[in-house]
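Beneath this line is the structure, given in structure tokens, with notes to follow.
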Amino acid sequence: MSEVQSYTTPHSQLDQGKGRKPFSVLSRIFGKKGAAAWLGGAAVLLFFVLPILKLILLSFQGDEGLTLAHYNELLQQKRFWSTLRSTAIIVAGSTVLSLVLGIATAWLIAYTDVPRKRMLHMAILLCFILPSYILTLSWSSFMGTQGIVAKLLEGLSPGLMPWSMYSMGGIVFVMGIHHFPLVYLLTLDVFRKIPRDLEWAARAGGAGRIETFRRITLPVALPGLTAGGLLVFLASLDNFGIPAFLGTPVNISVLSTLIYEEIIGFGPSAFARGASLSVLLGLAAIMGSLLQWLLLRKSHASDTIQPDVSPRYVLGKAGKWVSALLWSFLLLVTVVPLSSMLSMSLKKAYGLGLTVSNLTLHNYRYILFENPRVWQAIQNSLVLSGVTMLVCLLIGSCFAYMRVRKPSRLNRLAELAASVPYTLPGIVFALSMILVWMEPVPGWNPGIYGTMAILFIAYICRFMILQVRSGVTAFMQVDSSMEEAARISGAGLWRSWTAVLLPLTLPGILTGGLLVFLTALTELTVSALLYSSGSQTIGVTIFSFEQAGETLYSTALSSLIVVLIAAGGALVLLVQKWAARKGVRS
Amino acid sequence: MSIEMKQISKTFGSSQALHFIDLTIEEGEFVAILGPSGCGKTTLLRILAGFEQPTTGHISLNGKVVAGDGILLPPEKRRIGMVFQSFALWPHMNVTEHIRFPIRTHKETPAKIKQNEQERVSQVLELTGLSKLALRMPHELSGGQKQRVAIARAIAPEPSLLLMDEPLSSLDAMLRMDMRREIQDVHRRTRSAIVYVTHDQGEALAMADRIVVMKDGRIEQAGTPQDIYLHPQTEFVAKFVSKANLVEGRWVNNRFVPQESDGVDWPGLQIATHFKNHGLYPVRPDQFILAKEGGAGLSGEVINVQFQGKEFHYNIRCGSRNWEVISPLSFGMNEKVALSLAKD
């Protein structure tokens, strides 16, 4: 196809929007749009839809036809009911904690003139950026019998013991502080988009500050707040690291850890029982996200409102105190436990005091040089997350481009399908991956399960949507007329991408890629079910150390990972700075 | 370059945006396509640019078919400049880079421009009054300056056809008047044909050599601004372009007798047959003459007045009808008046 472009099929231009163009990347590659659409559709079905169908099917499959036997069996187990109970308590408790912390911090950052907001913002996000199991480890070392708190209490009065993290309360607490940044992020935007004249009108109508917040701000923000709460609800259902580290040693199980134990325990009908548990957990998750979607759709009108970032309440003299309180809370929640974990990792032996003579780098030497499995895990994780990032960058960005410029029912469905693996709890998704790739076609085992290959597939499927979302955001900010201006100025497809589209979208796309990389690097839940000897990841290795009671090694490896994450975070900031310097703005 | 469009139609799914449009644009001609939103004018422009393909019909530029018969020449291969409604400036390029981009990138740029790139850039900067802003980034420019950059970028490679998609609609009223003059100036100095899409009849009347009025995907009337304004052929053109009142009545031998009037008849030699067939007479607000009650003509009552400086805008109720009238004379609210027709 040189000078002259052949007609594409008319139905490809069904929906009328501003960004229609007669050519697409894929139509050039495949010649016919139909072929590309079919191929994409088939891939979506195979990678995103089939696993879920298999999972559901297995949960109903008996020796002879469909049956409810697995569910019946579940409902009769005492273990199931106690798990359900603790899941409910943990999810509800941590959601409430996250909501309270998230709304309070969001209100302070959005509306008051508390100083150093940018740094506070980063400090708040830190709780969520840290992998949950590392946060857990740092808290268990902080509050443990060897930790700082125990020493302090011992000093106050002999026999005084810190509250054990290995309890329902400990799980609720760590989950709550891990997830509150989610509420914070969503609420911050909601708060900033409430026009301040609404509040002024209430004040003019005679309402005081508190009454204004209670009767105006809160009700207007409610859909956003509820959506934030549902997001935390989903994240808590999904979380595996925290209950696995803190609950399993004291026989507290939640749905995600129960599924893990079923599958690892491998009984005769382990997969079937795991599948039916997964269907129940998945159902709860899907209901939650549906509700969240409905709520957010309702508040869609606020999309066009510019967020108002100037402070609305002057703290005055109280500012210092509020600021000090906020900072000490944030430090106490992350930095103090992390340093406790670090000091633990430097000890010669578990139980020694923290003196110079007891310090050693032995633990680091061991995990890096003397234990080949750790080295391999680090390599595996780096390769896995690197490849995942590249594949997601390429496919995710192309898909995001099509989704923005040529919206159709087909690619909307594809996006929905691609979001399923990330919406489902990780453990559920991992099980569905096993079911599909153990035997993709009945009677044919391609040997994907039990190798690195299944981890590659699972990571790419699970994290693809992260890249798609950031790609969509990036492309949305570039009006299609920018590209058309390049085309009309004589630039072909290639040149309009390199000269206009990529320079404008690269920061957003790369940030998405780094997000995928960092998330994949520290992934635990999916890998815990899918790894095999030789394909263990960083998360799995820390988990195994912890299960074997090798606290010194697990804290050392975790400290290393924190350093890696810090480096990655710095890279993200650099990318954003670079973008800002180039004058790119939406 | 002459542009010929033959039997162009366009369907999106089940809705038909254009119905078999025939239109020829001569070299150097300034054509305004005028119509309300949704009339298909932007679709027509995008088909000309090559962003859309016509469902039927064909387009030829200088005798060369660029669209139709299974052919679609992509936009970058037509020698066309385009000014977008939202300016579409690239946030990461400064003013000079915007102008240089099409000169360097366009394969159809004449060799003499390509070789003297720097000279052409400063020439275009000067022509659009941007010389002092050559190194500014888009976010450092005002709305009018952005629009000038968009025009500069479009004319830089000397395209033989310049497309403008409502270029003034995102500017404020004062600036719009200034930019009209500047666009006319650019047209005079470049002599390239311009197709200018707008919903503002004032812009079309002020600048175009020829106006094409569109409605519901069809050409309603085409002609010179005077022709369109003074001699509308359809009710839509009379109302949309001339803001005319459509007076109902009877036609008797080329003379018009308005309803609810006695002893009044108006001469109608120049009125289009469409109105004669429908018993209508289009009267522009400035064609009415207002006089005190008791004078000749239709009798009415002032029901609203707006003072506009050199004239008054009235709403006059005549029987069950409500006419818009412009008059230099002052009348009070509820005053009884007589309406007659100005002599041409």
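The values are calculated or read from the model by the stated rules, or taken from the named source; none is laboratory data. Since we're looking at a predicted model, the values are computed, not measured. Cβ placement follows ideal geometry from the backbone for every residue including glycine, while neighbour counts extend to all protein chains displayed.
The single condition from (1) farther than 27 Å from B:Ile183 by Cα; (2) in contact (Cβ under 8 Å) with a residue 24 or more places away in the chain; (3) among the polar types (S, T, N, Q) that B:Asn254 fails is (2).
If you check A:Leu510, A:Leu515, A:Leu501 for being in a helix (DSSP H, G or I), under 30 Å from A:Met438 (Cα atoms) and among the hydrophobic types (A, V, I, L, M, F, W, C), only one passes: A:Leu515.
Screening the candidates A:Ser432, A:Ser419, A:Ser408 for the property of being crowded, with 24+ Cβ neighbours inside 10 Å, in contact with a Ser or Thr (Cβ under 9 Å, 6 or more places away or on another chain) and of a type in the set (Ser, Thr, Tyr) yields one hit, A:Ser432.
Tell me which of these A:Leu75 doesn't satisfy, since it passes every other one: (1) of a type in the set (A, V, I, L, M); (2) modelled with pLDDT of 85 or more; (3) loosely packed, with under 13 Cβ neighbours inside 10 Å. Here A:Leu75 clears every test but (2). Does the stretch B:78-91 contain any residue that is closer than 16 Å to B:Ile194 by Cα, assigned by TED's automatic domain parsing to the domain that holds B:Phe12 and of a type in the set (D, E, K, R)? Looking for residues that are closer than 16 Å to B:Ile194 by Cα, assigned by TED's automatic domain parsing to the domain that holds B:Phe12 and of a type in the set (D, E, K, R), one finds at least one in the stretch B:78-91, hence yes. Of the residues A:Ala244, A:Ala324, A:Ala270, A:Ala275, the single one that is out of contact with any Pro (no Cβ under 9 Å at 6 or more places or on another chain), at pLDDT 90 or above and within 30 Å of A:Phe545 (Cα to Cα) is A:Ala244.
Screening the candidates A:Ser167, A:Ser138, A:Ser86 for the property of being of a type in the set (Ser, Thr, Tyr), buried (at least 23 other Cβ atoms within 10 Å of the Cβ) and in contact (Cβ under 8 Å) with a residue 60 or more places away in the chain yields one hit, A:Ser138. Residues in the stretch B:287-344 that are modelled with pLDDT under 90, more than 22 Å from B:Pro267 (Cα to Cα) and part of a strand (DSSP E or B): B:Lys292 alone.
If you check A:Ser544, A:Ser533, A:Ser496, A:Ser489 for being more than 14 Å from chain B (Cβ to nearest Cβ), more than 25 Å from the chain's Cα centre (by Cα) and free of Cβ contacts under 8 Å to residues at least 40 places away in the same chain, only one passes: A:Ser533. Which condition breaks for B:Gly202 when tested against (1) at pLDDT 95 or above; (2) part of a helix (DSSP H, G or I)? With (1) at pLDDT 95 or above; (2) part of a helix (DSSP H, G or I) applied to B:Gly202, the lone miss is (1). Scan the stretch B:86-102 for residues that are of a type in the set (Ser, Thr, Tyr) and within 10 Å of chain A (Cβ to nearest Cβ) and jot them down. The answer is B:Ser86, and nothing else. Looking at this structure, is B:Arg153 at the interface with chain A (Cβ under 10 Å from one of its Cβ atoms), in contact with a His (Cβ under 7 Å, 6 or more places away or on another chain) and either without any contact (Cβ under 8 Å) to a residue 24 or more places away in the chain or crowded, with 21+ Cβ neighbours inside 10 Å (or both)? The answer is yes for B:Arg153. All conditions but one from (1) in contact with a helix residue (DSSP H, G or I) (Cβ under 9 Å, 6 or more places away or on another chain); (2) without any contact (Cβ under 8 Å) to a residue 24 or more places away in the chain apply to B:Thr24; the one that does not is (1).
The set of residues from the stretch A:471-486 being assigned to a helix (DSSP H, G or I) and either in contact with a strand residue (DSSP E or B) (Cβ under 7 Å, 6 or more places away or on another chain) or within 11 Å of chain B (Cβ to nearest Cβ) (or both) comprises A:Ser480, A:Ser481, A:Met482, A:Glu483, A:Glu484, A:Ala485, A:Ala486.
Give the residue, chosen from B:Ile80, B:Ile47, B:Ile59, that is more than 13 Å from chain A (Cβ to nearest Cβ), surrounded by 22 or more Cβ atoms within 10 Å (Cβ to Cβ) and hydrophobic (A, V, I, L, M, F, W, C). Unique residue meeting the criteria: B:Ile59.
Here is a yes/no grid of residues against (1) among the acidic types (Asp, Glu); (2) more than 26 Å from the chain's Cα centre (by Cα); (3) crowded, with 19+ Cβ neighbours inside 10 Å:
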site	(1), (2), (3)
A:Ile454	no, no, yes
A:Ala458	no, no, yes
A:Val468	no, no, yes
A:Gly471	no, no, yes
A:Ala474	no, no, yes
A:Gln477	no, no, no
A:Ser481	no, yes, yes
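Every test in (1) more than 28 Å from the chain's Cα centre (by Cα); (2) surrounded by fewer than 16 Cβ atoms within 10 Å (Cβ to Cβ) is passed by A:Leu346 save one, and that test is (2).
If only residues of the stretch A:289-319 that are of a type outside the set (S, T, N, Q), assigned to a helix (DSSP H, G or I) and in contact with a Pro (Cβ under 9 Å, 6 or more places away or on another chain) are counted, the one that is modelled with the lowest pLDDT is A:Lys298. Count of the stretch B:62-76 residues, restricted to those that are facing chain A (nearest Cβ under 7 Å) and not hydrophobic (A, V, I, L, M, F, W, C), is 4. What are the residue pairs meeting all of these: first residue in the stretch A:345-367, first residue of a type in the set (Lys, Arg), second residue in a loop (DSSP other than H, G, I, E, B) and modelled with pLDDT under 80, Cβ atoms under 8 Å, and 6 or more apart or on different chains? Filtered contacts from the stretch A:345-367: A:Lys347/A:Leu354. Checking each residue in the stretch B:8-44 for being assigned to a loop (DSSP other than H, G, I, E, B) and either more than 10 Å from chain A (Cβ to nearest Cβ) or in contact with a Cys (Cβ under 6 Å, 6 or more places away or on another chain) (or both) picks out B:Glu26, B:Glu27, B:Gly28, B:Glu29, B:Gly35, B:Pro36, B:Ser37, B:Gly38, B:Cys39, B:Gly40.
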